[in-house]
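Below is one structure, written out as structure tokens; comments come after it.
The values are calculated or read from the model by the stated rules, or taken from the named source; none is laboratory data. Keep in mind it's a predicted model, so treat the numbers as computed, not measured. Here the Cβ positions follow ideal geometry from the backbone for every residue, glycine too, while neighbour counts run over all protein chains shown. Only protein heavy atoms, including side chains, enter the accessible area calculation; ligands, DNA and RNA are left aside. Shrake-Rupley method; radii C 1.70, N 1.55, O 1.52, S 1.80 Å.
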Amino acid sequence: MNKLKAHFAKEKQKLDRIPTFRAKAEYIWQYYYLWIIGIVATVSVLGFVIYRYNTALKENWFFITFTNTYAEVGNGSELWDGYVDYTGFDTTVKNVEFNNLSYFDCATDNASGNEYYEVFVAHVEAGTLDAVTMEEESLVALGASGRLIDLNDERCASIMEKYGDRLIYCEPYDEEYSDGLVPVGIDISDSILMTKYHIYPDSCALGIGAYAQHLDAVEEFLDYIFEEAE
């Protein structure tokens, strides 16, 4: 510590003998630029970490994945803004996540090994994913895997009351899940997702994650996309 104090005292004496501010700055930069860069980088990283810690949103109001589309329906889009306004969700408290960067098709491909599908499954298993949209054929194939909730579940009673005439069925691979047809999707082909945003060329269906946490928000999303279509 004494050596450090002596070093800085010596440097101060050198700076005092330099006549102009510019010359002082050039001297400091010439001999201490690595220290300056290191300090600035450290402060920047710490500042970013502190900012992210204080502002990171740990939970979601609603999480939906729009698969296999290049339509502008992600976070911050017109669709996202409309839904947030419609629900009144405060996005400074929790997230509203519209994920439109997911590409897999259970109807035509073996999705296993597809990184997007693996991320999707992780969201389902963690209960993060509330809803997913796909073309109908793909949703039926996904539902057969057991990744979507059986809409006969009592938690879906309000959704079934409103949209029970739009059901899409599949026959699960696992007979323990069901040995017959199960409603796993809702036909939303005449919603604004198709009439305004044209996210798929032929059909559009919505399924609910097997362990979804926010079924009320799913219902509000359905209400929104149909009310806006009227």
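Quick one: with all protein chains in place, what share of the accessible area of the stretch 143-230 is carbon or sulfur, to the nearest percent (1.4 Å probe)?
On the way: 1780 of 4370 Å².
Of all accessible area on the stretch 143-230, carbon and sulfur atoms account for 41 percent.
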* Structure fact -> Check: C-alpha center the stretch 189-227 vs C-alpha center the stretch 138-176, spacing in Å is 14 Å
* Mind listing the long-range amide H neighbours of residue 67? Cut-off is under 5 Å, sequence gap 5 or more, other chains count too, H placed in the peptide plane at 1.01 Å from N. => 133
* Structure fact -> Whole-Hz Karplus couplings 3J(HN,Hα) for the stretch 153-159, θ = phi - 60° and coefficients 6.51, -1.76, 1.60, Gly and Pro as x, run 4, 4, 5, 9, 4, 5, 5
* Provide 98, 89 ordered by accessible surface of protein heavy atoms (probe 1.4 Å), highest first. => 89, 98
* Tell me, what ³J(HN,Hα) does each residue in the stretch 204-220 have, in order and in whole Hz, if you take phi through Karplus 6.51 cos²θ - 1.76 cosθ + 1.60 with θ = phi - 60° and put x for Gly and Pro? -> 9, 9, 10, x, 10, x, 4, 10, 4, 9, 10, 5, 4, 5, 4, 4, 5
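What full-extension length gain, to one decimal in nm, is calculated for residue 116 and residue 72 as 0.36 nm per residue of separation minus the Cα-Cα distance? Walk me through the numbers on the way to the answer.
On the way: separation 44, 0.36 × 44 = 15.84 nm, distance 1.84 nm.
Computed gain between residue 116 and residue 72 is 14.0 nm.
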* Using modelled amide H (1.01 Å from N, peptide plane; none on Pro or chain starts), what sits under 5 Å from the amide H of residue 185, excluding residues fewer than 5 places away? -> 168
* Accessible area (Å², per residue) of the stretch 143-205, counting only protein heavy atoms and a probe of 1.4 Å -> 53 Å²
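How high is the FRET efficiency between residue 223 and residue 198 when r is their beta carbon distance and R₀ equals 22 Å, given to the nearest 0.05?
FRET efficiency, residue 223 to residue 198: 0.55.
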* Structure fact -> Residues whose built amide H sits under 5 Å from the amide H of residue 129, excluding neighbours closer than 5 in sequence, are 124
* Asked: Taking R0 as 22 Å, what's the FRET efficiency between residue 103 and residue 153 from their Cβ-Cβ distance, rounded to 0.05?
  -> 0.20
